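The values are calculated or read from the model by the stated rules, or taken from the named source; none is laboratory data. Keep in mind that this is a model prediction, so the values were computed, not measured. Because the Cβ atoms are built from the backbone with ideal geometry, glycine has one as well, and the counts that use them run over all protein chains shown.
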Amino acid sequence: MTDLLAADRLTRAFGDRVAVRNLSLNVQAGEIVALLGPNGAGKTTTMRMLAGLILPDAGIITIAGTAVSRDTADQARRSIGLLTETPGLWERLTVRANLLTYARLHELDDPDSQVTRVLDQVGLADRAGDLAGKLSKGLKQRAAIARALIHRPPVVLLDEPTSGLDPASARHVRDLIGELRRDRRAVLVSTHNLSEAEQLADRIAVLKTELLAFDTPAVLRTGGEGIEVSIEFEDGSRHLATVKQLSEVADLVQRLVLEGRRVVRVSPGRRSLEDVYLSLVGAEP
Amino acid sequence: MSAWHRITALARKDAAELLRNPGATVPAFLMVLGALFPGFLVVIGAPMIAGRSLEESGDFAEEAAQAIASMPELAGLSGNALIQAFLFHQFSLFLLLVPVVAASALATHAVIGEKQSKALEPLLATPISTTELLAAKTLTPFLFALGLTWLAAGLYIAGIVIAGEPGVWRTVLGPRTFIMFMLVGPLVELVALQVSVIASSRANDPRSAQQLTSLLILPITAAFVAQLMGAFVIAAPGLLLGAAALAVLNVALLAIGVRVFARESILTRWR
């Protein structure tokens with residue numbers, strides 16, 4: 001698999017305050033990685049560093065094979081589509097005029113047809129002539145996603161893409177993000193929404209200044225120790241166990257039965273991602 | 001060529017936004033009227049109301065006669081025409097307020113508008129460099145203010161042709177006026193633009209930023225009053241000297257502007 005985005009031991013401080021310390025992560029082509037963390041954990045600083053907007057004090061960022069430096073940051077930004085936390089559209093201009101400006105800034109060939117393509121992609125073709133300021137929040141977010149995708153970047157960074165959206169709009173945005181995976185883009189999504197992260201992401205990075213965990217949702221839930229199994233007994237009590245392989249479940253049940261316990265149900269025992277997250281960041285549930 | 005492409009892409013966007021926000025241009029157009037009005041009031045209106053020409057009232061006759069030494073274009077005139085020509089030259093300095101006010105009004109909107117709509121961060125995520133961004137943010141206000149300044153100068157000269165004594169307008173078409181509107185005007189405008197952009201990085205509404213830029217009005221007004229009081233006459237060589245000083249000031253402001261417009265500054269220090 002190809003790492004389209006790689007960060008190696010990134011550190012960034014603002015004055016005396018260290019926003020991000022020693023962060024390493026990677027995102028492969030066709031992969032969605034969710035970046036989770038409490039407020040002030042350094043998510044926005046991380047996104048800005050990865051987008052080439054601010055440079056790290058230490059560490060290396062590689063975007064589509066190019067190491068980002070002061071000299072190459074302008075070039076690296078051509079390979080990145082960034083959705084900022086707020087849509088940041090020019091509200092007095094139409095959606096098409098907004099996107100045309102970005103198509104020109106990226107020096108795309110035939111900007112008009114590129115705008116048409118991306119409007120179709122996000123389902124905004126029929127609203128192209130509307131003033132951006134007149135759009136609903138969900139449609140503004142779609143227009144902002146179109147702006148991030150207009151130059152077909154291999155790496156897409158999405159900062160809180162569904163924040164404040166109604167369920168239908170959030171669903172639409174999630175579907176769009178899913179399409180990016182099918183297009184073989186490397187997608188990094190910063191979010192507070194744990195269920196969204198679990199639903200969308202192939203891997204989840206938990207950040208609180210430092211990287212606390214970085215793995216698939218399944219491994220994070222088990223803490224990397226194996227498979228959790230929940231066994232319910234006739235008397236209503238429950239036993240949670242962790243096995244290394246599924247084949248061990250039968251042995252476990254047999255042993256319990258031999259001990260005289262009456263097993264009525266065996267099911268996957270799921271620690272919720274929320275439990276994992278809260279235990280990692282040290283917050284009170 | 002790429003840089004120019006990006007600069008014009010953003011400047012075109014600013015021009016399109018300006019067309020949809022005519023309110024931003026109101027101070028500039030008001031300034032045109034404000035700069036044209038005093039000269040014609042003093043030179044044409046007041047004598048008409050008083051029923052006596054400037055020569056008959058004796059006002060400014062001595063200053064006008066003395067000005068011939070530093071402004072040889074006045075030499076062929078006498079009497080009322082000489083006083084009119086002298087005063088029209090003095091009041092032409094007022095027109096330099098047009099580029100200051102117009103540039104300030106538009107530049108503050110161009111920068112603070114982006115801040116208010118939170119459009120700077122996505123913009124900074126494109127391949128545009130900070131110098132290109134600074135150039136783009138000043139291009140539309142610069143062209144608009146320059147056009148307006150030249151329009152004001154054209155109206156001023158047309159007014160002199162229509163209302164002034166015969167021959168007065170010819171003196172206004174000399175090198176002094178040319179230097180003022182082709183060299184000093186654009187340089188004053190650039191100073192106003194750069195101060196506006198720098199002020200806009202800290203202000204959150206256009207008016208606050210414009211207050212700082214309005215300080216530029218003071219030296220122009222002071223020079224005008226000093227001229228009228230007979231302290232000195234700013235002839236062509238004086239204007240050239242002023243232009244040189246403005247050029248140096250512009251270079252210094254450009255250095256500050258580039259620092260203010262650095263990506264990190266915009267993202268981490270602009271409020």
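Which pairs do you get when a residue that is free of Cβ contacts under 8 Å to residues at least 40 places away in the same chain, found in the stretch B:191-218, comes within reach of a residue that is of a type in the set (A, V, I, L, M, F, W, C), reach meaning Cβ atoms under 6 angstrom, with the pair 6+ apart or on two chains?
B:212/B:199
Being part of a helix (DSSP H, G or I) and over 27 Å from residue B:149 (Cα atoms), is that true of even one residue in the stretch B:85-106?
Within the stretch B:85-106, not a single residue is part of a helix (DSSP H, G or I) and over 27 Å from residue B:149 (Cα atoms).
From the list B:27, B:72, pick out the single residue that is more than 14 Å from every other protein chain (Cβ to nearest Cβ), closer than 26 Å to residue B:111 by Cα and at pLDDT below 90.
Exactly one residue qualifies, and that residue is B:27.
Any residue that is surrounded by 15 or more Cβ atoms within 10 Å (Cβ to Cβ), among the hydrophobic types (A, V, I, L, M, F, W, C) and touching a helix residue (DSSP H, G or I) at 6+ places or on another chain (Cβ under 8 Å) - is there at least one of those in the stretch A:245-254?
Among the residues of the stretch A:245-254, not one is surrounded by 15 or more Cβ atoms within 10 Å (Cβ to Cβ), among the hydrophobic types (A, V, I, L, M, F, W, C) and touching a helix residue (DSSP H, G or I) at 6+ places or on another chain (Cβ under 8 Å), which makes the answer no.
Within the stretch A:110-134, which residues are out of contact with any helix residue (DSSP H, G or I) (no Cβ under 8 Å at 6 or more places or on another chain) and either buried (at least 20 other Cβ atoms within 10 Å of the Cβ) or under 15 Å from residue A:81 (Cβ atoms) (or both)?
Once the filter is applied, which keeps residues that are out of contact with any helix residue (DSSP H, G or I) (no Cβ under 8 Å at 6 or more places or on another chain) and either buried (at least 20 other Cβ atoms within 10 Å of the Cβ) or under 15 Å from residue A:81 (Cβ atoms) (or both), the stretch A:110-134 yields only A:117.
Output the residue which, of all residues in the stretch A:105-122 that are of a type in the set (A, V, I, L, M, F, W, C) and either at the interface with chain B (Cβ under 8 Å from one of its Cβ atoms) or touching a His at 6+ places or on another chain (Cβ under 8 Å) (or both), is nearest to residue B:11 (Cα to Cα).
So the residue we want is A:105.
Of the residues in the stretch A:56-82, how many are part of a helix (DSSP H, G or I), more than 7 Å from chain B (Cβ to nearest Cβ) and in contact (Cβ under 8 Å) with a residue 24 or more places away in the chain?
Matching residues across the stretch A:56-82 total 2.
Taking the conditions exactly as written (closer than 20 Å to residue B:160 by Cβ and surrounded by 14 or more Cβ atoms within 10 Å (Cβ to Cβ)), does residue B:60 satisfy them or not?
yes
Looking at this structure, is residue A:30 on the phi > 0 side of the Ramachandran plot, buried (at least 23 other Cβ atoms within 10 Å of the Cβ) and not basic (Lys, Arg)?
Answer is no for this residue.
Assuming residue A:125 fulfils every condition listed in (1) more than 9 Å from chain B (Cβ to nearest Cβ); (2) within 20 Å of the chain's Cα centre (by Cα); (3) of a type in the set (A, V, I, L, M) apart from one, which condition is it?
With respect to (1) more than 9 Å from chain B (Cβ to nearest Cβ); (2) within 20 Å of the chain's Cα centre (by Cα); (3) of a type in the set (A, V, I, L, M), residue A:125 is out only on (2).
The conditions are (1) within 11 Å of chain B (Cβ to nearest Cβ); (2) in contact (Cβ under 8 Å) with a residue 12 or more places away in the chain; (3) out of contact with any His (no Cβ under 8 Å at 6 or more places or on another chain); (4) among the charged types (D, E, K, R), and residue A:48 fails exactly one of them. Which is it?
It fails just one condition, (2).
Condition check ((1) in contact (Cβ under 8 Å) with a residue 60 or more places away in the chain; (2) crowded, with 23+ Cβ neighbours inside 10 Å) across all residues:
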{"residue": "B:82", "(1), (2)": "no, yes"}
{"residue": "B:88", "(1), (2)": "yes, yes"}
{"residue": "B:108", "(1), (2)": "yes, yes"}
{"residue": "B:115", "(1), (2)": "yes, no"}
{"residue": "B:145", "(1), (2)": "yes, yes"}
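Among the residues of the stretch A:31-44, is there at least one that is closer than 29 Å to residue B:9 by Cα and within 14 Å of another protein chain (Cβ to nearest Cβ)?
Yes - at least one qualifying residue is present in the stretch A:31-44.
Mind telling me which of the residues A:4, A:53, A:23, A:10 ends up being assigned to a loop (DSSP other than H, G, I, E, B) and within 21 Å of the chain's Cα centre (by Cα)?
Result of the check over A:4, A:53, A:23, A:10: A:53.
Given (1) of a type outside the set (Val, Ile, Thr); (2) within 14 Å of chain B (Cβ to nearest Cβ); (3) in contact with a strand residue (DSSP E or B) (Cβ under 8 Å, 6 or more places away or on another chain); (4) farther than 30 Å from residue A:16 by Cα, where does residue A:188 come up short, assuming only one miss?
Of (1) of a type outside the set (Val, Ile, Thr); (2) within 14 Å of chain B (Cβ to nearest Cβ); (3) in contact with a strand residue (DSSP E or B) (Cβ under 8 Å, 6 or more places away or on another chain); (4) farther than 30 Å from residue A:16 by Cα, only one is false for residue A:188: (4).
Report yes if residue A:178 is surrounded by fewer than 17 Cβ atoms within 10 Å (Cβ to Cβ), in a loop (DSSP other than H, G, I, E, B) and out of contact with any Cys (no Cβ under 6 Å at 6 or more places or on another chain), otherwise no.
So residue A:178 fails the test.
Is it the case, given these coordinates, that residue B:102 is buried (at least 20 other Cβ atoms within 10 Å of the Cβ) and among the small types (Gly, Ala, Ser)?
Here the answer is yes, as residue B:102 does meet what is asked.
So, in the stretch A:94-104, of the ones that are at the interface with another protein chain (Cβ under 7 Å from one of its Cβ atoms) and in contact with a His (Cβ under 8 Å, 6 or more places away or on another chain), which residue ends up surrounded by the fewest Cβ atoms within 10 Å (Cβ to Cβ)?
A:104
Which residues, taken from the stretch A:231-256, are modelled with pLDDT under 85 and among the aliphatic types (A, V, I, L, M)?
Across the stretch A:231-256, the qualifying residues are A:240, A:241, A:243, A:246.
Return a yes/no flag: does the stretch B:251-265 have any residue that is within 14 Å of chain A (Cβ to nearest Cβ), of a type in the set (D, E, K, R) and over 24 Å from residue B:59 (Cβ atoms).
There is at least one residue in the stretch B:251-265 that is within 14 Å of chain A (Cβ to nearest Cβ), of a type in the set (D, E, K, R) and over 24 Å from residue B:59 (Cβ atoms).
Output the number of residues of the stretch A:93-136 satisfying the condition of being outside any helix (DSSP H, G or I) and aliphatic (A, V, I, L, M).
Of the residues in that region, 6 qualify.
All but one of (1) part of a helix (DSSP H, G or I); (2) within 8 Å of chain B (Cβ to nearest Cβ) hold for residue A:86; state the number of the condition that does not hold.
Against the list (1) part of a helix (DSSP H, G or I); (2) within 8 Å of chain B (Cβ to nearest Cβ), residue A:86 comes up short only on (1).
Give the residue, chosen from A:91, A:107, A:85, that is free of Cβ contacts under 8 Å to residues at least 24 places away in the same chain and buried (at least 16 other Cβ atoms within 10 Å of the Cβ).
A:107
Considering only the stretch A:1-15, state which residues are of a type in the set (Gly, Ala, Ser) and either at positive phi or without any contact (Cβ under 8 Å) to a residue 24 or more places away in the chain (or both).
Matches in the stretch A:1-15: A:15 only.
From B:129, B:78, which residue is more than 18 Å from the chain's Cα centre (by Cα) and either within 14 Å of another protein chain (Cβ to nearest Cβ) or at positive phi (or both)?
Result of the check over B:129, B:78: B:129.
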